[in-house]
Amino acid sequence: MKNNFLLYTSGFIVAAALLFSSCNKNYIIGGDTVDLNQFKNKSVYEALQSNHTFDTLRMLIDSCPQLRDSIDQPNITYLAVPNSLITSYLQKRQTWFWQNVSTNISYTIDSLIKDLRIRQTLRDSMMMYVVHQALPYDSLTEIGAIYPTAYAKETVALSYESSSVDPTKAGSGTSQGYNPNVSTTPRVVYIARMLRAFTITPSNPIKKMTGTDGTRMLCPISGMVTKNGVIYSLPLANYSLFYN
């Protein structure tokens, strides 16, 4: 079975009242509003350069022409890997070497860069973060749709979901930017790794997935529009890198 990536798109995570009342196009980083179109005259790579969340990712891209070529293509959607996920991967690889080879081996970012250069399968798996179609918010739907990635074994599903949890009500959970005093309902991005196949229909939108289908996670950065595509960030933790 294919492992599917499901991306539930979101424009606004917090401070929704400010965003919707001002009618400006913004995305959110850590509670701060940022102009959605500030990178429209820059490439995907140049946009990644502007955000330290992706510093380690850029090191990998710079070390591998195949990765750089993949994000320089026109009309793409790029699922950017944050520093914390790469650090987590390095820690897991380090543990594996200690348990299976030797405690004298260190697996560092330099080790990963070397692996990317010599292992074609590893480079190929990085293509699962590239969709050959630019997918800004206005091209997405509430129920979701599935798109192929540049890695043949993987697909990604994106949906633009409303978030209307009222934080003033007991047991309501996290508001995700909802404010009952603002008429417009915010939308949020989630990413989930699927454990089994899931068919999206109008009566079975992707938000109906359960824990046995996969795990959905909040997307911390979304909708960064560049001159050659759109960037969405993978979650900061608990998300597997590379195929299998």
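Nothing in this text is a laboratory measurement; each read-out follows from the coordinates by a stated rule. Remember, predicted model here, so these are calculated numbers, not experimental data. In this analysis, Cβ positions are derived from the backbone assuming ideal geometry, glycine residues included, and neighbour counts consider all displayed protein chains.
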Residues with amide H under 5 Å of Ala134's amide H, sequence separation 5 or more or different chain, H placed in the peptide plane at 1.01 Å from N; which?
Ile76
For 205-215, 92-102, ranked highest to lowest by mean beta-carbon neighbours within 10 Å, the order is 205-215, 92-102
Set Lys40/Lys208; Lys114/Lys208; Lys42/Lys114; Lys114/Lys153; Lys153/Lys208 screened for pairs whose C-alpha atoms are more than 31 Å apart:
Lys40/Lys208; Lys114/Lys208
Under 5 Å between amide hydrogens, which residues at least 5 positions from Ala157 or on another chain qualify, with H placed 1.01 Å from N in the peptide plane?
Phe5, Leu6, Leu7, Tyr147
Quick one: order His52, His132 by neighbouring beta-carbon count within 10 Å, fewest to most.
His52, His132
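Ratio of the stretch 68-130's C-alpha Rg to 2.2 N^0.38 Å, to two decimals?
Values: Rg = 14.0 Å, N = 63, 2.2 N^0.38 = 10.6 Å.
Normalised Rg, Cα atoms only: 1.31.
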Mind listing the phi-derived Karplus ³J(HN,Hα) values for the stretch 84-97, rounded to whole Hz, using 6.51, -1.76 and 1.60 with θ = phi - 60°, and x for any glycine or proline?
4, 5, 5, 4, 4, 4, 4, 5, 5, 5, 4, 4, 4, 5
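Between Asp138 and Lys153, what length comes free when the chain is fully extended (0.36 nm per residue of separation minus the Cα-Cα distance, one decimal in nm)? Spell out each step's value before the answer.
On the way: separation 15, 0.36 × 15 = 5.40 nm, distance 2.69 nm.
Contour length minus the Cα-Cα distance gives 2.7 nm.
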Determine ³J(HN,Hα), in whole Hz, for all residues of the stretch 77-83 in sequence, where each value follows from phi through the Karplus function 6.51 cos²θ - 1.76 cosθ + 1.60 and θ = phi - 60°; x replaces Gly and Pro.
10, 10, 9, 7, 8, x, 3
For Met217, the residues 5 or more places away or on another chain with a placed amide H closer than 5 Å to its own amide H are Ile191, Ala192
